[in-house]
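*Asks:* Could you have a look at this structure, given as structure tokens, before my questions?
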Amino acid sequence: MPLFGFPTSAPFFDNKARAFWNLQALGWFAWIGLRGVSSVANGQSPSFLIPLSISAFTGFSITLILSAFYSKLIDRRPVVMWGATFVLTLLGTSLWAFIDAWVVQIQSPVIDNLAFTPILLGALYIDAVSLGAWSALYYAINYFLRLEEQQDRMIRLEAQAASAQLAMLRYQLNPHFLFNTLNSISTLVLLKQTEPANAMLSRLSAFLRYTLANEPTAQVTLAQEIETLKLYLDIEKMRFEERLRPHFAIDPVVSRARLPSLLLQPLIENAIKYAVTPQEDGADITIAAQLSGQNVRITVSDTGPGLSATPPAPTSVTAMASTGVGLANIRDRLAQAFGDQHRFDVRTSPEGGFMVVVELPFQLDGQRIPALESKEKVGSA
């Protein structure tokens, strides 16, 4: 946050000791400059700069001593801190004013020694204002710096909490898929169908290698996400054979868009559970992605029985989750990654099946880019 014209984040306040000396020097040069201009404007002779320079050096030295005390007082209770600050400021002002008056009298001796009193009173006023302002700035800057440190600490803690939540959501994926796949491999082994078992095991290994190699909070390109889905579907296709018919319609323009890894896998898992499994002839599952203004729109639809097979209303996302995580997991991950800059809808597809629409910002490495013209789509089954 900006503080008195200085950016407190970096680099000025990165080194607090250096920042203190810079501000101390700058402040006292400004003080002597203002006092000098004021003296010249009031008709003082240039010789007045001598006691003024001595006064500035004295004030500089006294504030160094005060800073050592203030650094110990700032963590004390307010009553102790402000009481001790008042006493120290009073003592510092008295000492500074006495030295100022003494120097002025030596430089311009007067016959009547009583003239020392008005000189001292004038010095007391100026020095009290100067030390009071310096003390107020010292505490203000240090309190603002501490507030900024607390805010930075809170931001780091919030980021760590968000990262932990994203990791938790990622680690909740695929328990049923893994169980079903291992069960299918076991069945193939018992039936002595070694080649299909080896093929399924190889694909499972590739899929798990991808899921375990990526950080749980990492983002991947849409192209990488689609390749992972194809691995997943290849495994499931060995279980369901011709009953599972996947289709892809991915606009090449959005293939580099970034999204949380394994975001779409629960949607495919839901489609297989609710569309492919209960129907004798299986179902088609279509994954499509294209531009929508400055967003990427991703749809996952199937030709299953649709919402009629899932009694809860479309707004009850958690109730429709296939594994207790499912769709609610996706919504939470989108909220963590994009805040309110996303859309997540559940509806009936035009063909009568189930459809999920996800819209998220078109970003490349975290940078949102302008909308592009989409001219072609590539489809594969």
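*Asks:* From the set of residues in the range 337-369 that are modelled with pLDDT under 75 and open to solvent by 90 Å² or more (accessible area, probe 1.4 Å), which is farthest from the chain's Cα centre (by Cα)?
*Replies:* Result: E351.
*Asks:* Is it the case, given these coordinates, that F13 is touching a helix residue (DSSP H, G or I) at 6+ places or on another chain (Cβ under 7 Å), open to solvent by less than 60 Å² (accessible area, probe 1.4 Å) and modelled with pLDDT under 75? Break it down stepwise before answering.
*Replies:* Details: touching a helix residue (DSSP H, G or I) at 6+ places or on another chain (Cβ under 7 Å): yes; open to solvent by less than 60 Å² (accessible area, probe 1.4 Å): yes; modelled with pLDDT under 75: yes.
So F13 fits the description; yes.
*Asks:* Right, another one. Return the total of residues in the range 47-98 being among the charged types (D, E, K, R) and either in a helix (DSSP H, G or I) or at pLDDT below 85 (or both). It would help to see each step written out before you state the result.
*Replies:* Residues of the range 47-98 among the charged types (D, E, K, R): 72, 75-77.
Still in the running and either in a helix (DSSP H, G or I) or at pLDDT below 85 (or both): 72, 75.
Residues in the range 47-98 being among the charged types (D, E, K, R) and either in a helix (DSSP H, G or I) or at pLDDT below 85 (or both): 2 in total.
*Asks:* Within the range 236-255, track down each residue that is more than 21 Å from L178 (Cβ to Cβ) and open to solvent by 10 Å² or more (accessible area, probe 1.4 Å).
*Replies:* E242, R245, H247, F248, A249, I250, P252, V253, S255
*Asks:* Please work out which one of (1) open to solvent by 20 Å² or more (accessible area, probe 1.4 Å); (2) modelled with pLDDT of 85 or more is the condition L233 fails and give its number.
*Replies:* So L233 meets the others, but not (1).
*Asks:* Inspect the range 320-336 for any residue being open to solvent by less than 20 Å² (accessible area, probe 1.4 Å) and modelled with pLDDT of 90 or more and give the result as yes or no.
*Replies:* no
*Asks:* Would you confirm whether any residue within the range 310-317 is within 29 Å of the chain's Cα centre (by Cα), at pLDDT below 60, surrounded by fewer than 21 Cβ atoms within 10 Å (Cβ to Cβ) and polar (S, T, N, Q)?
*Replies:* No, the conditions are met nowhere in the range 310-317.
*Asks:* Something else about it: For the range 147-158, which positions are open to solvent by 30 Å² or more (accessible area, probe 1.4 Å) and either under 14 Å from A19 (Cβ atoms) or among the acidic types (D, E) (or both)? Full working, then the answer.
*Replies:* Quick first cut of the range 147-158, residues open to solvent by 30 Å² or more (accessible area, probe 1.4 Å) only: 147, 149-158.
Result: E149, D152, E158.
The values are calculated or read from the model by the stated rules, or taken from the named source; none is laboratory data. The shown structure was predicted, so the numbers you read here are calculated from the model rather than taken from an experiment. Backbone-built Cβ (ideal geometry, glycine too); neighbour counts: all protein chains shown. SASA here: full protein model, heavy atoms, side chains in, ligands and nucleic acids out. Shrake-Rupley method; radii C 1.70, N 1.55, O 1.52, S 1.80 Å.
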